[in-house]
Amino acid sequence: MRIGLGGIWQETNTFAPQPTSLTDFQRYQYFEGPDLVAGLRGTGTELGGAIAAAQERRVEPVGLLFGAALPAGTVDRAAFETMLHALVERTRAAPPLDGLMLSLHGAMVVDGHPDPEAELVAALRAVVGELPIGVSLDYHANVGPALPRLADVLVGYRTYPHTDMAERGAETMELVIRMARGRDRPQRHAVKLPLLTVPPAQEDASEPMTSILAAADAITRESGVWTASALPGFAYAESDRLGFTVYVAGDRHAADRANELAAHVWDQRAAFDAPLVSPDRAVALARSGPAPTVLVDVADNVGGGSPGDGTALLHALSRAGARAAVAVLWDPAAVDTAHAADGDRLTLDVGGHSDPMMGPPLRATGRVRRYGPVTYLRSGSYMRRQRVDMGRVVVLEADIGQIVLTERRVVPFDDDHLRAVDVVARDARAIVAKGAIAWKAAFGGYAAQTVYVRTPGYCPAGLDQLAYRSRPAPLYPLERGAEWEAAVAGRQIPRSSND
Ligand SMILES: [Zn+2]
């Protein structure tokens, strides 16, 4: 038996001005044909998990095409169309397949393609006909009505910070193999709730997601149920797919179980709250509290598509005369300047170059350490063994602490990116984390205190800070009176997509 593997994976923040191009995919993760299996085998990614599961069951994984880019602005049309065309052609040219396992993020926005993941599955469906197609999705997937109909099964991550990609990839592969061997298909039911939530409120270890995920797991364990997902979605996109998705696939009762789970989520809607403090207050807490304190720069969340050069917290650290902080800034111009300059002691204007919104640059003086292109393998719980390229790096030993300047944007999902340039985050007094929750995969093991900070950026925790020009309405909490009524056993079912 042979199962084809592929996908296009990106989370799009339409508020981020820089578009995402084919080069962004090619630089981050891009594999075609046999290179896909060779490159992703043994990694903690969805396809890495799928490859392991296939081989355990003596199924041959066939690499088609997989492209992934870091979260950023809208994907340009040519990038998507080029990859989709190549994926379709490789599927057509592959040896006879028995099914497909696709790794899709689920929150991609492409210029001119309103529901790209559904379109991708439809294009492959046209090639493989009735063969089973299983899709793994990120926790932040914005699932539209078409995808649950087009794919035979969807499997969403159940962790945030995301640490279960390999397990979900393996689960998806096992369901595809089951369908290919048994020829049966599950009933599928997706419910879309008019509920918008922000990353700081979506952590799996905190309520309300702890109990929501436990309810989804309990449904998955019921006899006859294949899988259940509770997907909070990604708010930072002008997309008609915004909102919380609940999905159940099973031999029977999929609609009832999905509606029950959706009702549970809806009842908890007021609990998706994220209290924040000002940068100055946050720095005061870091100075008086236990070390290391993680100062969470929520709005400049690189993993949510913000540029990662916001300076609000650096200025606050500087104003307070703070010492021994660690911060990473995306600043290719400062990296260039430092590499071109003579001497080991420099004054640099760092950060704040991408958008006036990200704050003015910070002028900082200190000894610099220069690094040529830095690549490393992730060793933590996020996409273990995935290779990451930071470009050239400069570490500036400023008064406030070590400022790591990178040529490429770096997501703080591991602390290997700091170790690669001889920075020991564990020893810092304060760590500026440009993320919402995912940074816990890097620093969560030794963070002594965590402070969520109100900063500027493209991923604000206050949804009222975003100027949506178009979005579905009503959506709670933007419209406090938004209504959804769960309907179980024969009552009217609003806002749901049937199988
Ligand atoms: Zn995510």
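Here are a few things to note about the model shown:
- All positions within the stretch 416-428 that are in contact with an Asp or Glu (Cβ under 7 Å, 6 or more places away or on another chain) and either open to solvent by 50 Å² or more (accessible area, probe 1.4 Å) or over 19 Å from Ala291 (Cβ atoms) (or both): none
- Some residue of the stretch 280-303 being open to solvent by 20 Å² or more (accessible area, probe 1.4 Å) and touching a strand residue (DSSP E or B) at 6+ places or on another chain (Cβ under 6 Å): yes
- When Gln187 is tested against (1) in contact (Cβ under 8 Å) with a residue 40 or more places away in the chain; (2) open to solvent by less than 30 Å² (accessible area, probe 1.4 Å), just one condition goes unmet, and that condition is (2).
- Of everything listed in (1) open to solvent by less than 10 Å² (accessible area, probe 1.4 Å); (2) touching a Lys or Arg at 6+ places or on another chain (Cβ under 9 Å), the single unmet condition for Ile431 is (2).
- The stretch 114-128 residues that are within 13 Å of Glu81 (Cα to Cα), paired with ones that are assigned to a helix (DSSP H, G or I) (beta carbon under 7 Å, 6 or more apart): Pro116/Phe80; Glu117/Leu147; Leu120/Leu84; Ala123/Leu84; Ala123/Val88
- The condition of being open to solvent by less than 40 Å² (accessible area, probe 1.4 Å), among the aliphatic types (A, V, I, L, M) and modelled with pLDDT under 95 holds for only one of Ala334, Ala274, Ala263, that being Ala274.
- Candidates Ala430, Ala420, Ala425 - the one that is closer than 21 Å to Val451 by Cα and either touching a Phe, Trp or Tyr at 6+ places or on another chain (Cβ under 7 Å) or acidic (Asp, Glu) (or both): Ala425
- Residues located in the stretch 297-323, provided they are β-branched (Val, Ile, Thr) and within 16 Å of the ligand (Cβ to nearest atom): Val298, Val302
- Matching residues in the stretch 434-450 - criterion: being crowded, with 22+ Cβ neighbours inside 10 Å and away from the ligand (no atom under 16 Å from the Cβ): Phe443
- Qualifying residue in the stretch 37-53 (condition: surrounded by 23 or more Cβ atoms within 10 Å (Cβ to Cβ), hydroxyl-bearing (Ser, Thr, Tyr) and away from the ligand (no atom under 16 Å from the Cβ)): yes
- The residues in the stretch 371-399 that are open to solvent by less than 10 Å² (accessible area, probe 1.4 Å) and closer than 30 Å to Gly343 by Cβ can be counted, and the count is 6.
- Some residue of the stretch 92-113 being polar (S, T, N, Q), within 16 Å of the ligand (Cβ to nearest atom) and closer than 15 Å to Thr245 by Cα: no
- Against the list (1) in contact with an Asp or Glu (Cβ under 9 Å, 6 or more places away or on another chain); (2) closer than 22 Å to Leu124 by Cβ, the condition Pro34 fails is (1).
- Strands (runs of 3 or more DSSP E) lying entirely in the stretch 1-120 (those with 3 or more residues that are of a type in the set (S, T, N, Q)): none
- Subset tally (residues that are farther than 17 Å from Ala263 by Cβ, modelled with pLDDT of 95 or more and within 19 Å of the chain's Cα centre (by Cα)) for the stretch 204-226: 2
- Among strands (runs of 3 or more DSSP E) entirely within the stretch 125-200, having at least 1 residues that are within 16 Å of the ligand (Cβ to nearest atom) and of a type in the set (Gly, Ala, Ser) singles out 133-137, 153-156.
The values are calculated or read from the model by the stated rules, or taken from the named source; none is laboratory data. These numbers were taken from a predicted model, which means no experiment stands behind them. A quick note on method: Cβ atoms are made from the backbone with ideal geometry, for glycine too, and the neighbour counts reach across all protein chains shown. For the accessible areas, the whole protein counts, side chains as well, though only heavy atoms, and no ligand, DNA or RNA atoms are used. Shrake-Rupley method; radii C 1.70, N 1.55, O 1.52, S 1.80 Å.
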